[in-house]
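J.: One structure, as structure tokens, below. Some questions next.
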Amino acid sequence: MDVDAYLARLDLALPVAADLAALRVLQARHLERVPFENLSVHLGEPIELTQDALFDKIVRRRRGGFCYELNGLFAALLRELGFAATLHGTQVFHADGTPGVPLDHAAIIVQLDEPWLVDVGFGSFSQAPLALSAVAPQPDAEGEFLMLDAPHGDIDVLRDGKPVYRLERRPRTLPDFVPMAWWHSTSPASHFTRTLTCSRPTSQGRVTLSGDRLIETVDGVRHEVLLPSESAVRLAYRVYFGMSLPRLPLQPGDHPLTTPVPDPTMNRT
């Protein structure tokens, strides 16, 4: 991996040490500079879960991605920087409080003096590493997070008292997530084929571009603007996310997808 190019994408210098302070900076800057987006699904681009393909997309082409892409490549960067970082599968909870299917989401565990949960690919989630062994709630800009023991040694991650996902302790490799990445990017039952989003946190809240709707949350107040033209949408991608797209993604419903199958997942931002 070209570590210098990746760090330049994040506008960061090489960390002095692979410690918690550096991890906090890396995670916050990744969330700020690399958006959570599913544009490839609506651009007809395949989701390739290889380090070379992800590096080309996220670093060279200055795009974002969804969980398997963002956490997959970020975990590789962390290992290059000397961190003990491993990918782990999660079951995202449904609205009724039941866990979804395995490997529905990929997260990272970094082992320092204790294990830390790092996630730059869930959309709206913790902006700082979370201590997996902590028994008390952990405050964050995105809410209050709590770790609870789950069956078979797994960990339930709660935000503001509501379960978000169930985290496996066993490590996974990036190819383990290929089947679910394919499902998420092709099935009409997938949240990612039914919505179009590009989002990142800001110093005051969050900015999201969903098709021709620009949504900004500033100090808890939500503002939504309908962009009047394709040129305005292109400008928004460039100004808010640093993307110069050769063409705009199709709106959900405007392109053919695979035969519908039951939805084993829940919606998430």
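The values are calculated or read from the model by the stated rules, or taken from the named source; none is laboratory data. The structure displayed is predicted, hence computed values, not measured ones. Methodologically, a virtual Cβ is constructed for each residue, glycine included, from the backbone with ideal geometry; neighbour enumeration extends over all protein chains shown. The area values use the complete protein model at the heavy-atom level, side chains included, leaving out ligands, DNA and RNA. Shrake-Rupley method; radii C 1.70, N 1.55, O 1.52, S 1.80 Å.
J.: How many percent of the accessible area of region 1-140 is carbon or sulfur, using a 1.4 Å probe? Please list the in-between numbers first.
T.: Working: 2670 of 5050 Å².
Whole-percent figure for carbon plus sulfur exposure: 53.
J.: I'd like to check one number: the per residue accessible area of the chain, probe 1.4 Å, reported in Å² as a whole number. Can you show the working numbers first?
T.: Numbers: 12140 Å² over 269 residues.
That works out to 45 Å² per residue.
J.: Taking 7 Å along the Cα-to-C-beta vector as the label spot, tell me the ALA13-GLN204 distance in nanometres, rounded to one decimal.
T.: Taking the simple label geometry, ALA13 and GLN204 are separated by 3.0 nm.
J.: Further question: Rounded, prolate or oblate: which fits region 36-111, taking a ≥ b ≥ c as square roots of the Cα gyration tensor eigenvalues, rounded meaning a/c under 1.5, else prolate when a/b beats b/c?
T.: Working: a/c = 2.70, a/b = 1.16, b/c = 2.32.
Judged from the Cα gyration tensor, region 36-111 comes out oblate (a/c at least 1.5, b/c at or above a/b).
J.: Something else: Tell me which trypsin sites (Lys or Arg not before Pro) from region 31-94 have a DSSP coil assignment and no more than 15 other beta carbons within 10 Å of their own. Before the final figure, lay out the partial values.
T.: Details: sites: ARG33, LYS57, ARG60, ARG61, ARG62, ARG63, ARG79; in loops: ARG61, ARG62, ARG63.
Here the sparse-neighbourhood loop sites are ARG61, ARG62.
J.: Related question: Across the Cα atoms of region 1-58, what radius of gyration and what greatest pairwise Cα-Cα distance (Dmax) are found, in Å?
T.: 13.4, 41
J.: Hey, rough spin-label estimate for ALA5 and ASP176, points 7 angstrom out along Cα→Cβ, what's it come to in nanometres?
T.: My value for the distance between the label points is 2.8 nm.
J.: Let me have the relative contact order for the chain, percent, based on Cα pairs under 8 Å that are six or more residues apart. Write down the numbers at each step before the final one.
T.: On the way: 507 pairs, mean separation 50.7, N = 269.
Once divided by the residue count of the chain, the mean separation gives 19 percent.
J.: Could you please report the charge total around SER126, scoring K, R as +1 and D, E as -1 over all other residues with beta-carbon less than 13 angstrom from its beta-carbon? Before the final figure, lay out each step's value.
T.: On the way: positive: ARG24, ARG159; negative: ASP119, ASP140, GLU142, GLU144, ASP160.
My count for the surroundings of SER126 gives -3.
J.: Rounded to whole Å, give me the distance from the Cα center of region 70-140 to that of region 1-57.
T.: Using only Cα atoms to place each centre, the spacing works out to 15 Å.
J.: Order the peptides 196-203, 100-107 from the highest to the lowest mean number of other Cβ atoms within 10 Å of their residues. Working shown, then result.
T.: Numbers: 196-203: 18.4, 100-107: 21.4.
In decreasing order of mean packing, 196-203, 100-107 become 100-107, 196-203.
J.: Something else: Can you bin region 1-158 into rounded, prolate or oblate? Criterion: square roots of the alpha carbon gyration tensor eigenvalues sorted a ≥ b ≥ c, rounded for a/c under 1.5, prolate for a/b above b/c, oblate for the rest.
T.: oblate
J.: Continuing with this model, one more query. If you project the alpha carbons of the chain onto their three principal axes, what span does each projection cover, largest first, in Å?
T.: 51, 44, 39
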